[in-house]
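Notes follow the structure.
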Amino acid sequence: MKWPRAELALLLLAAFLAPLVGGHVSLDATPATGPWITSLFWGPTSPFGTRAVLGTLLALSFIISVRGKRFVQVPSLPLLGALTALVFWTGCTSLWSSFPYASYSTWLNWILFGLALVATVSSCGRQSGVRALLTSLVVGAVLVAINGVTEYSAMKALDPGYRVFGGWNNPNALAGLLASVAPLAAGLSFSKTRLVSLSASVATAIIVFCLMLTQSKGGMIALCLGLIGFVTLGFFWTKKISAAKPLVPVAVAIALVLALFVSNKAPGGAAPLARVMDPSVTSQQSAGFRVLLWKGSVQLVADRPLGSGPGTYRFESAKPGLTEQTVHAHQTVLQTAVEVGLPGVVLLLAVIGLWFVGLFKDSRNWPDETKTLRACMFGSVVAACVDGLFESNLIYTGSGIVMFLVMGAGLQLTATGSSPEAAPKPARLWMAGLVGCVSLLMFWHTAFIEGIKSASSRSIVEGQTRTARDDLAFAMTLAPNDGETAYLAAKVNPDERLTLLQRAVALAPRPLYYRALSREYLRAGRPTGAVGALKKALSWDPNNLSTLEALYQTQGNLGQEDDARATAERLISVEETPYLQVRALPELVPLEPADARVYLADQGDRAEQNLSGALETYKKYMSVSAPYIISIIGNDPKATLAGHGLDEIESVRQKGLAVIQRLTNMTADPDKLSNLTKDRSLFEPH
């Protein structure tokens with residue numbers, strides 16, 4: 001057995017790991033739940049650490065390849081120029097970002113994607129290397145799919161309609177990955193080696209089966225169009241009816257899922273694919289929420305056509321007032337436009353467009369097996385692009401690496417997509433140092449900072465404030481432009497809390513940080529600063545319920561009663577807007593409007609009317625939200641779902657009973673009293 005070259009072996013390992021570990025996005029610091037090295041590969045606490053591992057493999061592959069060859073294989077100059085311009089431009093947009101560290105961290109994703117394509121071209125080779133790369137991607141994806149199927153088998157007794165995650169951030173993200181890998185598995189099934197062909201067919205069926213269990217409509221559409229593109233192009237290039245061969249394992253997988261749907265349908269209607277079979281169940285929340293996100297994104301792009309900086313969509317998304325702050329725009333082009341502007345979108349489309357053009361050049365002059373591999377890679381990129389119309393798939397390291405690895409491999413099976421370029425030794429050393437070593441330093445820098453914040457968050461939870469204080473002081477030295485580090489440090493530095501929170505909002509003007517700053521201003525006896533901080537928070541999220549609640553409470557405590565009433569009325573009015581009517585988790589009923597009504601009732605404003613409105617919200621929470629929360633977290637007193645736990649349910653129960661008592665004291669109407677008696681049963685312990 002001949003072992004692969006070192007640079008190819010590193011590339012194959014990166015391709016294998018990308019689907020397995022690249023399914024999470026770095027958001028707020030999450031307390032570490034185990035050893036740091038473990039979190040690199042399992043769990044959402046260290047996405048930057050995972051990125052550093054994958055980036056190291058790709059960078060070393062590129063460095064070894066460049067150092068050892070007099071002629072360096074590079075992509076075609078137009079495509080390389082567009083890719084370089086894309087990475088450079090995304091970095092430039094970080095310069096005017098209001099969230100410099102988040103933008104710097106996210107820019108590294110684009111560097112990683114560019115490195116994946118360039119490393120593939122320089123290290124992969126033409127034929128056997130391409131097949132090995134595609135095989136590595138498929139094997140990694142199959143393991144993810146098996147994990148997803150195992151996950152469903154453990155959950156189906158409790159919830160036949162359960163959507164699988166497969167170790168990824170959410171089912172839609174997993175579906176996007178599987179949709180882009182399925183055509184690759186199907187393409188490998190054309191191998192002349194019978195065992196390889198059979199294994200690839202089985203892999204295709206497993207991947208499609210797991211994708212169906214995600215119940216992602218966008219993922220299914222992407223899968224269909226990707227496979228159609230593969231089969232159509234394969235038939236067009238080879239003129240053989242056997243090009244439709246991959247549809248057999250796909251049909252088998254779909255048949256198995258349909259059989260599962262019939263055999264596991266519960267009396268209440270829950271079943272595998274129920275979300276797909278009955279679109280009305282999710283059309284308002286899924287499609288409606290996406291439409292609001294897209295409208296908001298268009299407004300943001302109109303306001304800042306050059307972009308607000310990589311990784312800033314989740315902070316900017318609520319500015320139009322249509323939705324809460326959301327991580328994904330659920331559309332890659334729009335998310336890219338918001339973050340890196342219209343020039344970034346043009347450059348991204350140019351890279352993809354030039355790749356498609358290169359793939360079709362001299363397409364008839366290659367052997368049938370090569371044509372089939374090219375066709376399957378075409379289908380893979382088509383599936384990724386289609387999925388990007390419904391999901392922001394490039395924010396996931398795994399999805400992005402898979403797409404750019406496939407694009408790099410595709411260039412190797414074209415006549416003009418890549419070419420060897422003579423490079424003297426000094427130029428090769430500069431190239432290896434600049435592209436490889438510098439990117440490695442940046443990858444591990446962000447991973448190290450992420451690890452410190454994760455460990456510090458755990459220390460804060462465990463009460464080890466001194467340890468957290470020392471670690472965060474070190475982190476602020478290494479990342480002086482990171483607002484989150486300053487915010488965490490404020491939690492364990494009471495004497496410097498005000499200064500640290502001021503630093504946090506200067507580096508990351510998030511409503512969460514402004515609310516904390518407002519509370520600290522009040523402690524310091526600076527009420528004007530407290531109100532001003534909350535008003536600044538509303539400039540980023542004008543309908544933010546927590547901020548509006550904090551504002552009217554602060555205004556009321558300061559004796560600004562008219563302003564407090566106006567703010568409370570403003571909060572209640574949000575109920576009539578899409579901001580609350582169409583939400584990502586409709587099962588979680590917002591309580592702030594009800595609390596605002598109780599506040600207004602306390603001030604003597606339409607007391608009975610406001611209390612009745614508050615009671616309706618509390619009733620809906622107890623009948624809808626409470627059972628939903630308990631079904632997920634069980635009876636664990638420490639567990640929460642989006643901040644809602646057993647303590648919150650108990651609090652609403654007490655509030656409901658208090659409101660019922662007040663309404664009972666206000667009326668002598670027998671019908672109203674009878675209804676209040678019935679309502680009381682909903683809040684009394686069972």
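The values are calculated or read from the model by the stated rules, or taken from the named source; none is laboratory data. Just so it is clear, the model here is predicted, and its values are computed rather than measured. Virtual Cβ from ideal backbone geometry, glycine too; neighbours counted across all protein chains shown. These area figures cover heavy atoms from the full protein model, side chains too; ligands, DNA and RNA do not enter into them. Shrake-Rupley method; radii C 1.70, N 1.55, O 1.52, S 1.80 Å.
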Please report how far the C-alpha centroid of segment 304-321 lies from that of segment 619-670, rounded to the nearest whole angstrom.
35 Å
Where does helix 100-123 land angle-wise versus the long Cα axis of the chain, in degrees 0 to 90, nearest 10?
20 degrees
Provide the descending list of Cα extents for segment 314-387 along its principal axes, expressed in whole angstroms.
55, 21, 13
So, relative contact order of the chain in percent, Cα under 8 Å, 6 or more apart, is 17 percent
Suppose a student asked you for the relative contact order of segment 130-218, using Cα pairs under 8 Å spaced at least 6 residues apart; what percent would you report?
37 percent
Got a sec? Charge dipole of the chain, +1 on Cβ for Lys and Arg, -1 for Asp and Glu; which of His24, Gly417, Ser136 is way out at the positive end?
Gly417
With point charges of +1 on the Cβ of Lys and Arg and -1 on the Cβ of Asp and Glu, referenced to the Cα centre of the chain, which listed residue (Asn109, Ala473, Ala642) lies farthest in the positive direction of the dipole?
Asn109
Let me have the 222 nm mean residue ellipticity of the chain computed from DSSP H runs of 4+ only, each contributing -39500 (n - 2.57), with the sum over all residues rounded to the nearest 500.
-22500 deg cm²/dmol
Against the longest alpha carbon principal axis of the chain, how many degrees, from 0 to 90 and to the nearest 10, is the axis of helix 527-540 turned?
40 degrees
For segment 150-168 and segment 76-142, write down the distance between their C-alpha centroids in whole Å.
33 Å
Hey, if we sort Ile633, Ile206 by accessible area with the 1.4 Å probe, largest down, what's the order?
Ile206, Ile633
Sequence of Tyr521, Tyr618 from largest to smallest accessible area, 1.4 Å probe:
Tyr521, Tyr618
By per-residue mean of other Cβ atoms within 10 Å, what is the highest-first order of 346-353, 410-417?
410-417, 346-353
Expressed in square angstrom to the nearest 10, the accessible area of Glu450 with a 1.4 Å probe stands at 20 Å²
What's the ranking of 378-389, 508-519 by average number of surrounding C-beta atoms within 10 Å, highest first?
378-389, 508-519
Percentage relative contact order, segment 550-686, counting C-alpha pairs under 8 Å, at least six apart
17 percent
Whichever aspartates and glutamates have a C-alpha closer than 17 Å to that of Lys672, once near sequence neighbours (fewer than 8 apart) are set aside:
Glu608, Glu616
Setting aside same-chain residues fewer than 8 positions from Lys361, which aspartates and glutamates have a Cα under 19 Å from its Cα?
Glu369
Please give the charge dipole size of the chain, origin at the Cα centre, charges +1 on K and R Cβ atoms and -1 on D and E Cβ atoms. Round to the nearest 20 debye.
2660 debye
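Output the pairs from Lys319/Lys619; Lys217/Lys638; Lys319/Lys655; Lys491/Lys620; Lys491/Lys655; Lys620/Lys655 with a Cα-Cα distance over 23 Å in this structure; if there are none, say none.
Table pairs above 23 Å Cα-Cα are Lys319/Lys619; Lys217/Lys638; Lys319/Lys655; Lys491/Lys620; Lys491/Lys655.
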Acute angle (nearest 10 degrees) that the helix 511-523 long axis makes with the longest principal axis of the chain, alpha-carbon atoms:
40 degrees
